[in-house]
Amino acid sequence: MRSKLPRISVGLLLATTLIGNSHANSSGLQSRQQELTVSAAISLKDVLDEIARLYHARKPDAVLHFNLGASGTLQRQIEQGAPVDVFISASPDEMDALESKGLIRPGTRKDLARNRIVLIVPTGQTGISGFQDLTRPEVKLIAMAEPQTVPAGKYAKEVLDHLGIYEQLKPKCVLGKDARQVLTYVVRGNVDVGIVYATDAQTSPQVKVVATAPEGFHSPVIYPVAVIKESKNSVGAIDFESFLLGPQARAVFQKYGFGPNQSMSKEQENLPAMTVCEFRVGSFNARGNNSYHRLPALRNLTLSP
């Protein structure tokens, strides 16, 4: 059958291919111009997944690439020249460091959301009702994020320091590379308790919150956002940041337990149905005090809600 096709069909096919290639080259350039790389704290994974749907409905040609990890790691990647357009940290410290080096676009830094620090145990476990219970001898292992490089760990250490029990508990501490790994340690029963963000705790029915740290026990858990100065798509980056600060995104942040930015508008918009996004969880290898416990690397770690 193929040998009987008219010769003209070959010519039409070649012409179509040439035109298609020309169009593809043009659209490929446009596609690159519409792409955005957003480096964000991994505790924002679920909320960013949903926000990507909203943004795609508004900007169908935009493609979002999310590079997720510990804020300190993401900060260092940007300092080393990683091609990032927008940065969202789980703490002001990392953004302060970038701003002091002139690496963020002036006037684009905003406070995006807030969070809380909580103490969690596996569902069904009893006997622990507060942070002071961590000093009890039956509590053998306490999971928290690396305090030197991960905001969740820094906040956890501040809580324990405020109570005057950090040094006493240090030999019991198991350090995770981020709050999500701490959550996984608790879910799997590798530890007795964990200190995580409230938003991470609510993603798993296999843990329960037994205490919430009073805000005066630690510095405010604020998520700042900014456009990176060397962004190759600064117009798109500024537009996406504006969207993050708008009413649709605010509703998503609140849905996942984040405190809202009070400057957001109160307009309401409809939730679209599709998403174009790509998640890449940045690798991280923290070095900490040798007195901490170290658990083997987790395998098959699922971060999806």
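If you plug the beta carbon distance of Glu138 and Ala97 into 1/(1 + (r/R0)^6) with R0 = 41 Å, you get a FRET efficiency near 0.55.
Spin-label pair Arg188-Gln168: with each label point 7 Å from Cα along the Cα-Cβ axis, the two points sit 3.0 nm from one another. Compute the Cα gyration tensor for the stretch 163-213, then decide on rounded, prolate or oblate, letting a ≥ b ≥ c be the square roots of its eigenvalues: rounded whenever a/c is under 1.5, prolate when a/b is larger than b/c in the other cases, and oblate in all that remain. Note, shape of the stretch 163-213 comes out prolate. The simple spin-label model puts a point 7 Å past each Cα toward its Cβ; for Val209 and Lys110 those points are separated by 2.6 nm. With Cα atoms as the point set, the radius of gyration and Dmax of the stretch 117-212 evaluate to 11.6, 32 Å.
For a straight C-alpha distance cut-off of 14 angstrom, the aspartates and glutamates reachable from Lys45 (same-chain residues fewer than eight places away being disregarded) are Asp178, Asp200, Glu278.
For the stretch 60-165, report the % of Cα-Cα distances exceeding 16 Å. In whole percent, the share of Cα-Cα pairs in the stretch 60-165 beyond 16 Å is 67. On the basis of the beta-carbon distance and an R0 of 51 Å, His65 and Gln125 show a calculated FRET efficiency of 0.85. Within the straight-line cut-off of under 23 Å between alpha carbons, the lysines reachable from Lys232 are Lys59, Lys101, Lys110, sequence neighbours fewer than 8 places apart in one chain being disregarded. Counting only lysines at least 8 places from Lys157 when in the same chain, those with an alpha carbon closer than 19 Å to its own are Lys140, Lys170, Lys172, Lys177.
Read-outs throughout are calculated quantities, based only on the coordinates presented, and are distinct from any laboratory measurement. Computed from a predicted structure; not experimentally measured. Cβ sites come from the backbone with ideal geometry, for glycine too, and all protein chains shown count toward neighbours.
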